[in-house]
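Structure first, commentary second.
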């Protein structure tokens, strides 16, 4: 678990702190959306605390987000909606005491469920200071168009959304966007849908002004039973000097759901992002730490039956 925290305020905040849960299936673009929230918070002089739940343990999201977070904590080894729920509550309380943030963002792993994550805001002691909470679910428009991985986890995520972000709209024909929205409407008839690319959502939609802080004095809502699909993560080592074309071909035929990391190709250091069969190699905005080079976190489905939870 990596921590980067700022010093405490001279006087703690008294009003409730709004919280944003950013969810979405593997590779939907959650980190891009969180990066935009960080930039907006910096421009407003606000302290933003980020809890990132990565399935892998390399800290790639930390590298992608940069040093703009007033507080950043990574939780690895499970999902914040179930296995790491106690860690999430303890981490939030740590951030409250050490940073006293103006806003909180919880970026879940690509297989976590937002509603179950939100239930942790009803637990002591965080129920006393977490204010309005919103679940934003990011949807990869290309994944939706291809009909890929749209059952189980994807359905549970979409039906838990307060706001649906149809992301990566630049990867599909504009003429098909209405039909894609109609597909989402069949799953979730009520949540607003916004279209975007590269996670560029208007920050006003992420933290809308609240007229009245919620009260969590009663029992939390009861979630319905759900199935956690079985996924497994691994680390793949890539030797320096590999051909970018050969790497793209190898990864696209690997059967992976997701891969992410930094590789030293024959054309230079590249950020590698695989989602389904699409492989993107881009020059990173800032050079990654040397220990991250040549290491990819990979995620695939495990050949095991799903596990039912009823928290």
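The values are calculated or read from the model by the stated rules, or taken from the named source; none is laboratory data. In this text, all values refer to a predicted model and were calculated from it rather than measured experimentally. Every residue, glycine among them, receives a Cβ derived from its backbone with ideal geometry; neighbour counts consider all protein chains shown.
Side notes on the structure shown:
- Among the candidates 56, 27, the residue that is under 17 Å from the mean Cα position of the chain (by Cα), modelled with pLDDT under 55, under 30 Å from residue 169 (Cβ atoms) and part of a loop (DSSP other than H, G, I, E, B) is uniquely 56.
- Tally, over the range 133-148, of residues that are under 22 Å from residue 219 (Cβ atoms) and either touching a helix residue (DSSP H, G or I) at 6+ places or on another chain (Cβ under 6 Å) or at pLDDT below 90 (or both): 2
- Out of 157, 118, 143, sole residue that is assigned to a helix (DSSP H, G or I), touching a strand residue (DSSP E or B) at 6+ places or on another chain (Cβ under 8 Å) and farther than 25 Å from residue 204 by Cβ: 143
- In the range 90-103 there is no residue that is under 30 Å from residue 171 (Cα atoms), at pLDDT 85 or above, assigned to a helix (DSSP H, G or I) and out of contact with any helix residue (DSSP H, G or I) (no Cβ under 9 Å at 6 or more places or on another chain).
- Looking across the range 160-194, the residues that are outside any helix (DSSP H, G or I), in contact (Cβ under 8 Å) with a residue 40 or more places away in the chain and within 20 Å of residue 147 (Cβ to Cβ) come down to 161, 165, 167, 168.
- Test set (1) modelled with pLDDT under 90; (2) in contact with a helix residue (DSSP H, G or I) (Cβ under 7 Å, 6 or more places away or on another chain); (3) in a helix (DSSP H, G or I) - residue 32 fails condition number: (2)
Listed here are the residues, each with its yes/no results for (1) surrounded by 13 or more Cβ atoms within 10 Å (Cβ to Cβ); (2) farther than 23 Å from residue 141 by Cβ; (3) at pLDDT 85 or above.
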site: 269; (1), (2), (3): yes, yes, yes
site: 275; (1), (2), (3): yes, no, no
site: 290; (1), (2), (3): no, yes, yes
site: 295; (1), (2), (3): yes, yes, yes
site: 305; (1), (2), (3): no, yes, no
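- Residue-level check: of (1) modelled with pLDDT of 75 or more; (2) in contact with a helix residue (DSSP H, G or I) (Cβ under 9 Å, 6 or more places away or on another chain), residue 226 misses just (1).
- The set of residues in the range 245-263 that are in contact (Cβ under 8 Å) with a residue 24 or more places away in the chain, surrounded by fewer than 17 Cβ atoms within 10 Å (Cβ to Cβ) and over 28 Å from residue 144 (Cβ atoms) is empty.
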